[in-house]
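Enquirer: Can you read through this structure? Questions will come right after.
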Amino acid sequence: MKPVSLLRLCPSLPPIARRAPRFPNTFVRRIAMASTNSVAVDSRPVFFFDIDNCLYSRKCNIHDLMQELIDKFFIAHLPISAQDAVMLHQKYYKEYGLAIEGLTKHHKIDPLEFNKEVDDALPLDDILKPDPKLRKLLEDMDKSKVKMWLLTNAYVNHAKRVVKLLGVEDLFEGVTYCDYGSQPLICKPNQKMYEKAEQDAGAPSTEQCYFVDDSALNCEHSQARGWTTVHLVEPGFALPEVPPSKYTVRSLEELRGLFPQFFKSNDEKSTS
Ligand SMILES: [Mg+2]
C-alpha cells in the first residue's frame with residue numbers, strides 16, 4: 001500500500017507533530033493516536049486568508065482578465081450571443097457568487113473544463129511576483145499561537161499557483177478550495193463552505209476562527225457565522241455604506257495592530 005503522510009492523515013496536528021518524521025515510528029504513532037483520541041491536541045485558533053485580490057492587490061487586474069476569459073467561455077460553450085453571454089455571466093455571478101455555479105446548474109458544463117479555460121489560462125506568471133512585504137507579515141505571525149489557512153473559491157490549481165508565485169506557499173498549513181471535481185459546488189458565502197473550512201483546518205471552535213477577505217458578501221456571511229471577520233478594502237476603492245463585518249482594513253499590515261496576540265514579539269522576531 002502506498003504510504004500516506006502523517007500530515008495528510010492529521011491536518012490539524014500541532015507543529016511538533018509536523019516535525020514527527022525525524023523521530024522513531026513509535027513516536028509518530030503516539031502523536032497520531034493522540035490526535036484521534038483527543039480533539040484538544042491542537043487548540044490554536046485558525047486565521048483564514050482569502051487569496052484573490054486579498055494576498056495580492058486588486059490593482060493587478062487579474063479579476064478583470066478573469067472576467068474576459070469567463071465571457072469567452074460562455075460564448076464558446078453556450079449557443080448565445082456575446083451580449084447575452086456578458087449578461088448571463090453577471091446574472092450568475094450575482095445569484096451564486098460564482099459564474100461556474102450557474103453554468104453547472106443550468107447548462108451541464110464540466111467545472112474542470114471551465115477551470116482549464118479560465119483560471120488555468122490566466123497569465124499569472126507575467127503578473128504576480130514574490131512579495132517580500134507579504135512574506136514578512138505572514139512570517140511575523142506566530143505559528144505556535146495561530147494556524148494559517150487559505151480559503152478560496154478558486155480550484156486548488158489556481159490557489160497553489162498564486163501562493164507559489166507570491167513566494168508564500170510554505171507559510172500556510174493548508175487550503176480549503178471550491179472543489180470543481182465534485183457536485184454540487186460548495187463555495188463562499190455558502191455556510192457549508194465555512195463549515196468545511198473549519199473541519200479541514202481542524203478549528204477548535206467557530207469562535208476561534210478569524211478571516212480576511214476582500215468580498216463584502218463573504219465577510220457578511222462569515223461574520224454571521226461567528227467568525228471574527230476583517231473586510232479588506234484597498235485604498236482607492238470605496239468603502240461599503242454598511243460595514244459587512246466587525247473590522248475593515250485598508251491593508252493586511254493592519255492585522256498586526258488588530259490581532260497582536262497572533263504576532264511574534266520583537267524579542268521573538270530577533271531570535272527566529
Ligand atoms: Mg477575493
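Values in this text are rule-based calculations from the coordinates and carry no lab data. This is a predicted model, so every value here is computed, not measured. With ideal geometry, Cβ positions are generated from the backbone for all residues, glycine too; neighbour counts draw on all protein chains shown.
Enquirer: Over the range 62-121, calculate the relative contact order: mean separation of alpha carbon pairs under 8 Å at least 6 apart, over the residue count, as a percent.
Expert: 31 percent
Enquirer: Suppose the Debye formula is applied to equal point scatterers at every Cα of the range 62-121; what is log10 I(q)/I(0) at q = 0.18, 0.21 Å⁻¹?
Expert: The calculated log intensity ratios at q = 0.18, 0.21 Å⁻¹ are -0.53, -0.74.
Enquirer: Also, I was wondering about something else. If amide H atoms are built 1.01 Å from N in the plane of the peptide, which residues on other chains or at least 5 residues away come under 5 Å of the amide H of LEU151?
Expert: Here PHE49, ASP50, ILE51, THR176 satisfy the definition.
Enquirer: Pick out, in residue order, every one of the trypsin sites (Lys or Arg not before Pro) in the range 56-155 that is DSSP loop and has at most 15 other C-beta atoms within 10 Å; say none if there are none.
Expert: Details: sites: ARG58, LYS59, LYS72, LYS91, LYS94, LYS105, LYS108, LYS116, LYS133, ARG135, LYS136, LYS143, LYS145, LYS147; in loops: LYS108, LYS143, LYS145.
Here the sparse-neighbourhood loop sites are LYS108, LYS145.
Enquirer: Could I ask something else about it? Please list the radius of gyration and Dmax for the range 133-187, considering alpha-carbon atoms only, with Å as the unit.
Expert: Using the Cα atoms of the range 133-187, the pair Rg, Dmax is 12.7, 38 Å.
Enquirer: Extending each Cα 7 Å along its Cβ direction at HIS107 and ALA76, get the distance between those two points in nm, one decimal.
Expert: Result: 1.2 nm between the two label points.
Enquirer: How much FRET efficiency would the formula 1/(1 + (r/R0)^6) give for MET87 and LYS145, where r is the Cβ-Cβ distance and R0 is 41 Å, rounded to 0.05?
Expert: Plugging the Cβ-Cβ distance into 1/(1 + (r/R0)^6) gives 0.30.
Enquirer: Quick one: length gained pulling VAL242 to ASN61 fully straight, 0.36 nm per residue minus the C-alpha distance?
Expert: Difference between extended and current length: 62.6 nm.
Enquirer: Apply the Karplus parameterisation 6.51 cos²θ - 1.76 cosθ + 1.60, with θ equal to phi minus 60°, to every residue of the range 131-137 and state each ³J(HN,Hα) to the nearest whole Hz, in sequence, with x for glycine and proline.
Expert: So the J values, rounded to whole Hz, are 10, x, 5, 5, 4, 4, 4.
Enquirer: Would you mind checking which residues have amide H under 5 Å from THR248's amide H? H placed 1.01 Å from N; only 5 or more apart, or other chain.
Expert: HIS231
Enquirer: Within the set LYS129/LYS192; LYS188/LYS264; LYS143/LYS196; LYS91/LYS147; LYS136/LYS160; LYS94/LYS129, which residue pairs have Cα atoms separated by over 28 Å? Numbers along the way, then the final one.
Expert: Working: LYS129/LYS192 33 Å; LYS188/LYS264 30 Å; LYS143/LYS196 22 Å; LYS91/LYS147 36 Å; LYS136/LYS160 19 Å; LYS94/LYS129 31 Å.
Result: LYS129/LYS192; LYS188/LYS264; LYS91/LYS147; LYS94/LYS129 exceed 28 Å.
Enquirer: Ok, one more. 5 Å is the cut-off here: which amide hydrogens, built 1.01 Å from N in the peptide plane, fall below it relative to ASP42, excluding neighbours closer than 5 in sequence?
Expert: Counting only residues 5 or more places away or on other chains, the set is empty.
Enquirer: Taking every pair of alpha-carbon atoms in the range 233-272, give the share separated by more than 15 Å as a whole percent.
Expert: For the range 233-272, the share of Cα pairs beyond 15 Å comes to 56 percent.
Enquirer: Modelling each spin label as a point 7 Å along the Cα-to-Cβ direction, I'd like the LYS94/ASP170 distance in nm, to one decimal.
Expert: Using points 7 Å along Cα→Cβ, the separation is 4.6 nm.
Enquirer: On to the next question. If R₀ is 41 angstrom, what is the calculated FRET efficiency for the pair LYS116 and ARG225, using the beta carbon separation as r and rounding to 0.05?
Expert: 0.80
Enquirer: How many percent of Cα pairs in the range 145-272 exceed 22 Å? Before the final figure, lay out the partial values.
Expert: Numbers: 3350 of 8128 pairs.
Looking at the range 145-272, the distances longer than 22 Å represent 41 percent of pairs.
Enquirer: Follow-up question, since we're still on this one. Based on the mean of other Cβ atoms within 10 Å per residue, sort peptides 177-183, 223-229, 123-129 so the most packed one is first.
Expert: So the peptides 177-183, 223-229, 123-129, ranked by packing, come out 223-229, 177-183, 123-129.
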